[in-house]
Amino acid sequence: MSMYIESVGCCAPGLEGWAQSQPVLRGERAYVPTQMPSHPPQRLPANERRRSPLAVRLAFAVAEDALSASTLQPDDLATVFASSDGDTHIVHRLCLALAQPQRVVSPTDFHNSVHNSAAGYWSIAAGAKLTSTSLSARHASFAAGLLEAGALVQAENRDCLLVAFDVRPPETLLAGCGIDQTAAFALILTPRRHPGSLAALHVQTLARVAETRLEEPALEELRRSNPAARALPLLVHLARRESATVLLDGAGGHGLQLELQAP
Amino acid sequence: MKPLRITDYTLTSALGAGRAAHLAALRMQRTGLSQVSFETCGLATWLGQVSGLATPISGEFADWDCRNNRLALLALQQDGFIQSVEQLRRRHGAHRVGVFLGTSTSGIHQTELAYQARDREGGGDLPASFDFGRTQNIYSCGDFVRRCLRLEGIAHVTSTACSSSAKAFASACRALQCGLCDAAVVGGVDSLCLTTLYGFNALQLLSAEICRPADAQRKGISIGEAAGFAIVEYSNAPGVALLGYGESSDAHHMSTPDPAGRGALAAMSAAMHRAGLEAADIGYVNLHGTGTQSNDLAEDKAVCELLGTGTPCSSTKGWTGHTLGAAGIVEASISLLVIENDLLPRSLNTRQRDAQIRGAILMENRDAHVPNLISNSFGFGGSNCSLLFGMQR
C-alpha cells in the first residue's frame, strides 16, 4: 500500500507541535519531557471550547498542527481517529455515578463517552462530511489506524487525516489501563505527491516482527507509555528527512513494515 | 465496486440464537422485547435481552470474561460458524483472514461492576480480578473473537456508536481491495450495561413504552443486545453479497441527526453509486429507525428524496430493540434473511404511521422477492453508514 505524507502533528510531553519537535527528534536538541499545556480547540465555538473533554482537546491539537503545515482544507479530508481507550476520564465519571444509589448520569458525559466523540466534534468544527472511522486495536491502535487510513487513501483515492491519541487515565484506572502518559500524533496522507510532500510511505503486513525502538531512552519510554506514541520511530526519520524502514507490531499476530522514502 | 460475497453469517439477539430462530420470529411476528429487569436497573423500560449469558467464560479465554464477550461467544457457536471459519482459515491461511468488528460500549459493564464492588469495600483500588484491557478496552471483543477463531490477520474494532458494525463492512471491503487480507470475519457485539440505559435515559431518548418506529406516538428507543458475524471474501459463486457501501458524517450535532437528513442521503447515495444501481433497483430499506422523533423524520426525508415514497421500508428495532454498536450487523443479517427468504418484515409495534413520514412503511409482513436492498445505520457524532446487499448471480 503506497501513499504520501503531507504533514505531521505532534502533542506529547516535551513534543509541543511538529515545528518545535523536529530538532528534538533529530537529536539536535535534548529531549526534556515537560508538563503539557491545555489545548483549547481553536476550531470549536467558545462555549464548546471551554467544556470540551480532554481527549477531544488532544485530538484537535494534533489535527490543527498537521493542518497548519498543509494547504489541504479540512472539509476535503476523510478522517481516521485511532485510540486504544478513548476518554477514560469520562468512563471514570460515568462508573462513579452508576455506583451511587441515585445513578445520576450527566447527559453530556454520556454523549461525549462514545469512542468517536473526537471525530464527531471534528466533523462539526471543520464541516467535514466525508467518511470517518474511529477505531481501537489496543497497543497497536496507531498501526491499525495507519492501515485504515492507507486503505482509504488507496481504495477510495481520498486525502486522509489520521489522528492517534490516548490520554493518561485517572488514578483509579491507571494500573489496569497501562497508559502512563498523554500523547497524540497526526499524519495527513495523500494518494498523490504534492510539492510539499514530506515523504513517500509504503506499508505492508508481515508475520510478527520485533518493533523498531528509539535510541534516546526518554523517547523510548514515551513510545512504550502510550499507544499513539508508537508513531515516534516513523516521525524520527521524517524529522531527519531520511529514507528508512520501520517495523511496527500489529493487532492480530502480525506486523507492519513501513518503508519511508525521502524526496 | 467488485461485489464481496458473504459466504456465511450468523446472529444472536433477543429474537433467539442463530438464523433459524430469527426467521421464525420474523414469520411469527414475535418481538424479542420484554419488560425484564437488567441487573439492578430500576428504569421502567423494555429491553431486548439475550438469555444464556449467566455462565462465565472458562478455560483458555477466562481472562476475557465479561457480558460482551459471553455474548460474542454465544453468537460464534451458532449456525456452524466456527466450522465455517475453520475452513476459511485452511483455505487462506490464518495470517490472511482479517477481523473487523464493531462495538459501542465493549465490556464497560465489567467496569461498572468493578466500581460497585470498590464502593462496597469502602473505596480504594478496583478489585484485583478486574481486567481492564481484556474487558473494558474497545478492542477486547476483536481480540477475543480472533483468538477463539485462531485468526492472525489484521484486526481492529470500529467504535462509531450505532454505526460501528456497519462500518466494519466498509473497513473489510477496503482492506480486501488493498490486498491487506484475502477474507475477513466482519461483525459486531454490544451488550446491556448501565451506562447506555441511564445515559439514554438522561438524554430523554429511552422509551417507557415498547419501541414504535415511525409511529405518530413514538417515545424513543428500547435498548437491546446482540452479536453477529459474517464471512466476506471475493468469490464467483452465486449467493448474497455486499454490492456497495456508503459512509458520511453529518457535521451537525453530537447526539441529534441533521434534521434535513443530508448525511443519511449522502451515505445511501454513495452505496448505490458503488453498486452501480439506481433507485428502481432497490426493493427494500431496512431503516435505522430508532423510534426517536428526530431520527425517524430525518431518515424518512433522505429515503424519500433518494428513492421516492414507494419503496417498502421498515425498522426492525421493534423486534430486536436498538442494539447500538451491533445494530449494523444485526440489520445486515436480517437483510440477508430478507433476500434469501423473500420475506419483508413489518415495522413491528407501529400502530399509526406519523403523518409527517412519507415513506412506504411496511405495516404488515410481506412476501416479496427483493434482489437488492439497503440497510442503514447512523450513530452519535453524526456517523452514517449504508450497506447495499443483493444476490450475486
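Just so it is clear, none of the values below were taken in a lab; they were calculated from the coordinates. Quantities reported herein were computed from a predicted structural model and do not represent experimental measurements. Cβ sites come from the backbone with ideal geometry, for glycine too, and all protein chains shown count toward neighbours.
A few notes on this one:
- Here the range B:260-304 and the range B:1-77 have alpha carbon centers that stand 26 Å from each other.
- For the range B:123-160 versus the range A:162-239, the inter-centroid distance based on Cα atoms is 21 Å.
- B:Gly228 sits among other residues whose Cβ lies under 11 Å from its own Cβ, and their net charge, with Lys and Arg +1 and Asp and Glu -1, is -2.
- Cleavage-rule hits, GluC sites (Glu not before Pro), the range B:216-291, DSSP coil, Cβ neighbours within 10 Å at most 12: B:Glu278
- Lys, Arg +1 and Asp, Glu -1 on Cβ, resulting dipole of the protein assembly as shown about Cα centre, debye, nearest 20: 620
- Mean residue ellipticity, 222 nm, helices only, chain B: the sum of -39500 (n - 2.57) across DSSP H runs of n ≥ 4, divided by residue count and rounded to 500, is -10000 deg cm²/dmol.
- Taking a ≥ b ≥ c as the square roots of the eigenvalues of the Cα gyration tensor, the range B:276-334 is oblate, since a/c reaches 1.5 or more and a/b is not larger than b/c.
- Radius of gyration and Dmax over the Cα atoms of the range A:2-196, both given in Å: 17.0, 61
- Antiparallel %, DSSP beta bridges [both residues in the protein assembly as shown], to 5: 70
- If you model the range A:1-41 as an ellipsoid using its alpha carbon gyration tensor, with each semi-axis the square root of five times an eigenvalue, the axes come out at 22, 16, 7 Å, biggest first.
- Note: the protein assembly as shown, Cα convex hull, 136 Å³ per residue.
- The tail of the calculated P(r) for the range B:129-243, taken as Cα-Cα distances beyond 22 Å, holds 48 percent of the pairs.
- Bridge type composition, the range A:2-196 - antiparallel percent by DSSP, nearest 5: 65
- The mean number of Cβ atoms from other chains found within 10 Å of a Cβ in peptide A:249-259 is 5, as a whole number.
- Rg/Rh ratio calculated on Cα atoms of the range A:188-263 (Kirkwood radius): 0.98
- Compactness of the range B:270-382, expressed as Rg and Dmax over alpha-carbon positions, Å: 13.0, 36
- Residue (of B:Asn68, B:Ser314, B:Pro259) at the positive-pole extreme of chain B, dipole from beta-carbon charges: B:Ser314
- Stokes-Einstein D for the range B:4-392, Kirkwood Rh over Cα pairs, 10 °C, 1.306 mPa s (µm²/s): 77
- Taking amide H positions as modeled 1.01 Å from N, with prolines and chain starts lacking one, the residues under 5 Å from A:Ala12 and 5 or more places away or on another chain are A:Gly17, A:Ala184.
- Given +1 at the Cβ of Lys and Arg, -1 at the Cβ of Asp and Glu and no other charges, the dipole of the range B:236-296 around its Cα centre is 80 debye to the nearest 20.
- The range B:37-189: relative contact order in percent, alpha carbon pairs under 8 Å with at least 6 residues between: 31
- Other protein chain Cβ atoms within 10 Å, averaged over every residue that makes up B:157-165: 6
- The trypsin sites (Lys or Arg not before Pro) of the range A:29-65 that DSSP puts in a loop, and whose beta carbon has at most 14 other beta carbons within 10 Å, are A:Arg29.
- Euclidean distance between Cα centres, the range B:204-239 to the range A:69-91, Å: 27
- Shielding by partners - mean other protein chain Cβ count within 10 Å, residues of A:119-127: 5
- Rel. contact order, % - alpha carbon contacts under 8 angstrom, at least six apart, chain B: 23
- In order along the range A:156-166, the phi-based Karplus estimate (6.51 cos²θ - 1.76 cosθ + 1.60, θ = phi - 60°) of 3J(HN,Hα) comes to 10, 6, 9, 6, 9, 9, 9, 10, 10, 8, 8 Hz; Gly and Pro are listed as x.
- For the range B:1-68, the pair-distance distribution built from all alpha carbon pairs, in bins 5 Å wide starting at 0, is 3, 13, 16, 16, 17, 15, 11, 6, 2, 1 percent.
- Dipole size of chain B about its Cα centre, with +1 on Lys/Arg Cβ and -1 on Asp/Glu Cβ: approximately 560 debye, rounded to the nearest 20.
- Mean projected area of the convex hull spanned by the Cα atoms of the range A:118-249, taken over all viewing directions: 9.6 nm².
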